[in-house]
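The values are calculated or read from the model by the stated rules, or taken from the named source; none is laboratory data. It should be emphasised that the depicted structure is a prediction, and the values quoted were computed from it without experimental measurement. As a convention, Cβ positions derive from the backbone with ideal geometry for all residues, glycine included, and neighbour counts pool all protein chains shown.
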């Protein structure tokens with residue numbers, strides 16, 4: 001039975017080689033925990049929604065053309081439904097339904113798994129996890145700066161420096177003003193304006209000849225667009241955001257770049273995307289202000305300004321690996337309890353339980369095994385401590401605690417094992433009667 005195209009398996013370390021869609025569960029955990037930690041540091045509250053939504057929710061936001069990119073079907077209740085391809089429509093629906101229950105502004109984040117039925121390519125699969133962070137109910141540019149700062153600090157938390165990544169900031173309002181100034185009135189219209197934004201969004205991915213042709217069809221001169229891009233004069237709101245980020249000491253991570261426009265039609269103000277400086281990967285993250293979406297989703301009942309961004313795990317993980325920033329997987333266990341004498345298995349089990357109850361990660365052999373094989377398992381699992389019980393000639397049961405990091409061992413009563421381990425972990429000092437012990 002084969003895995004579906006564009007979907008990943010997440011394995012424990014070591015990850016099987018030779019399979020591009022065999023990914024590290026440890027790296028995924030590192031990415032998710034870092035996203036969550038930085039978001040909470042910014043005062044964002046976590047939310048989530050259902051992975052299955054009414055198909056109409058996405059059609060309202062993105063039009064009929066979105067349907068071909070979705071996993072969608074008619075369920076047993078004769079409802080048209082779809083696996084969520086993005087999180088913002090769900091957020092807009094949730095906020096619209098419960099807007100009166102929360103004080104504004106809302107600062108919410110989520111880590112959903114998203115699905116798109118489209119051709120898989122480098123950096124883009126048919127499923128991925130995504131960090132979504134949004135502020136709802138605040139129109140001041142300080143909110144835009146806060147969201148961009150969160151994006152920058154998230155990248156910094158993974159170890160990226162200004163030489164590694166950049167957040168390119170632009171403004172849909174600046175482009176709207178440009179379009180209206182440079183397009184004959186008789187050629188203006190919502191569809192043509194959106195087509196113009198699509199041309200700009202693909203500026204770096206389309207040949208100059210094709211771009212010139214499309215601009216000419218829209219009644220806009222290539223030279224005027226090129227001049228606007230080269231000058232990249234910040235608008236008043238962009239200037240406010242840049243000054244805010246400069247005050248935080250984050251200005252090295254951002255730059256104004258009007259080539260960023262975000263192809264989605266619902267953006268209304270500042271937009272931005274994060275890239276690696278070398279340009280080897282797709283955008284790491286992207287977002288902006290979408291002040292009309294909640295009103296659209298709610299049918300006009302709720303009207304709140306909003307902005308946010310999404311950061312997918314696929315490109316991010318590729319960049320982390322390329323820069324050598326993937327952390328070593330954490331040890332699977334801290335303590336391994338050997339059972340070298342099967343007659344001592346029964347008294348070993350209470351010790352295993354006591355250590356686990358104390359919050360330690362503990363493993364032990366489930367069946368009879370040779371001592372050297374057990375010890376190898378302990379090392380492979382990354383255990384720092386190996387504990388074994390032995391019976392004195394007079395029948396007294398004693399425990400030996402071996403610290404594989406300091407290469408010391410000590411003998412104590414079974415009830416004293418937890419204290420010895422805690423002392424070693426807290427750096428409280430060496431165990432009494434320690435001696436070299438690096439083997440079984």
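Tell me which residues, restricted to segment 252-282, are within 20 Å of residue 242 (Cβ to Cβ) and part of a loop (DSSP other than H, G, I, E, B).
Selection gives 257, 258, 259, 260, 261, 262, 267, 268, 269, 277.
Out of all the residues in segment 94-105, which are surrounded by fewer than 20 Cβ atoms within 10 Å (Cβ to Cβ) and in contact with a strand residue (DSSP E or B) (Cβ under 8 Å, 6 or more places away or on another chain)?
Passing the criteria: 104, 105.
Looking at 86, 138, 118 in this structure, which one is within 29 Å of residue 238 (Cα to Cα), in the same structural domain as residue 37 (by TED's automatic domain parsing), in a loop (DSSP other than H, G, I, E, B) and more than 14 Å from the chain's Cα centre (by Cα)? Give the steps one after another, and end with the answer.
Values: 86 fails: more than 14 Å from the chain's Cα centre (by Cα); 118 fails: within 29 Å of residue 238 (Cα to Cα).
Exactly one of 86, 138, 118 is within 29 Å of residue 238 (Cα to Cα), in the same structural domain as residue 37 (by TED's automatic domain parsing), in a loop (DSSP other than H, G, I, E, B) and more than 14 Å from the chain's Cα centre (by Cα), namely 138.
Of the conditions (1) within 34 Å of the chain's Cα centre (by Cα); (2) in a helix (DSSP H, G or I); (3) surrounded by fewer than 18 Cβ atoms within 10 Å (Cβ to Cβ), residue 162 fails just one. Which one is it?
Condition (2) is where residue 162 drops out.
Would you be able to say whether some residue in segment 166-173 is within 22 Å of residue 42 (Cα to Cα), modelled with pLDDT under 95 and in the same structural domain as residue 304 (by TED's automatic domain parsing)? Give the derivation first.
Taking segment 166-173 as the starting set, the residues that turn out to be within 22 Å of residue 42 (Cα to Cα) are 166-169.
Among the residues that remain, those that are also modelled with pLDDT under 95 are: none.
Scanning segment 166-173, I find no residue that is within 22 Å of residue 42 (Cα to Cα), modelled with pLDDT under 95 and in the same structural domain as residue 304 (by TED's automatic domain parsing), so the answer is no.
Looking at (1) surrounded by 15 or more Cβ atoms within 10 Å (Cβ to Cβ); (2) in contact with a strand residue (DSSP E or B) (Cβ under 7 Å, 6 or more places away or on another chain); (3) assigned by TED's automatic domain parsing to the domain that holds residue 143, which is the only condition residue 277 fails?
Condition (1) is where residue 277 drops out.
Being under 16 Å from residue 262 (Cα atoms) and in a helix (DSSP H, G or I) is the filter here, so list the residues in segment 193-234 that pass it.
Those that are under 16 Å from residue 262 (Cα atoms) and in a helix (DSSP H, G or I): 193, 194, 195, 196, 197, 198, 199, 200, 201, 229.
Looking at 53, 65, which is the one that is touching a strand residue (DSSP E or B) at 6+ places or on another chain (Cβ under 7 Å), assigned by TED's automatic domain parsing to the domain that holds residue 97 and either closer than 16 Å to residue 132 by Cβ or not in a loop (DSSP other than H, G, I, E, B) (or both)? Before you say what the answer is, go through the steps one by one.
Values: 65 fails: touching a strand residue (DSSP E or B) at 6+ places or on another chain (Cβ under 7 Å).
Among 53, 65, only 53 is touching a strand residue (DSSP E or B) at 6+ places or on another chain (Cβ under 7 Å), assigned by TED's automatic domain parsing to the domain that holds residue 97 and either closer than 16 Å to residue 132 by Cβ or not in a loop (DSSP other than H, G, I, E, B) (or both).
For residues that are surrounded by 11 or more Cβ atoms within 10 Å (Cβ to Cβ) and either part of a helix (DSSP H, G or I) or in contact (Cβ under 8 Å) with a residue 40 or more places away in the chain (or both), tally how many sit in segment 178-192.
Within segment 178-192, residues that are surrounded by 11 or more Cβ atoms within 10 Å (Cβ to Cβ) and either part of a helix (DSSP H, G or I) or in contact (Cβ under 8 Å) with a residue 40 or more places away in the chain (or both) number 6.
Is there a residue in segment 295-307 that is touching a residue at least 24 places away in the same chain (Cβ under 8 Å), assigned to a helix (DSSP H, G or I) and more than 17 Å from the chain's Cα centre (by Cα)?
yes
Could we say that residue 388 is out of contact with any helix residue (DSSP H, G or I) (no Cβ under 7 Å at 6 or more places or on another chain) and free of Cβ contacts under 8 Å to residues at least 40 places away in the same chain here?
Answer is no for this residue.
Go through (1) touching a strand residue (DSSP E or B) at 6+ places or on another chain (Cβ under 6 Å); (2) touching a residue at least 40 places away in the same chain (Cβ under 8 Å) for residue 332 and report which single condition fails.
(1)
For residues in segment 17-40 being farther than 18 Å from residue 316 by Cβ and modelled with pLDDT under 95, which is surrounded by the most Cβ atoms within 10 Å (Cβ to Cβ)?
Step by step, filter segment 17-40, then rank; the result is 19.
Is it the case that some residue within segment 199-206 is more than 30 Å from residue 321 (Cα to Cα), out of contact with any strand residue (DSSP E or B) (no Cβ under 7 Å at 6 or more places or on another chain) and touching a residue at least 12 places away in the same chain (Cβ under 8 Å)?
Yes, some residue in segment 199-206 is more than 30 Å from residue 321 (Cα to Cα), out of contact with any strand residue (DSSP E or B) (no Cβ under 7 Å at 6 or more places or on another chain) and touching a residue at least 12 places away in the same chain (Cβ under 8 Å).
List every residue pair whose Cβ atoms sit under 7 Å apart, with the two residues 6 or more apart in sequence or on different chains, where the first one lies in segment 395-420 and is without any contact (Cβ under 8 Å) to a residue 24 or more places away in the chain and the second, anywhere, is part of a helix (DSSP H, G or I).
412/420
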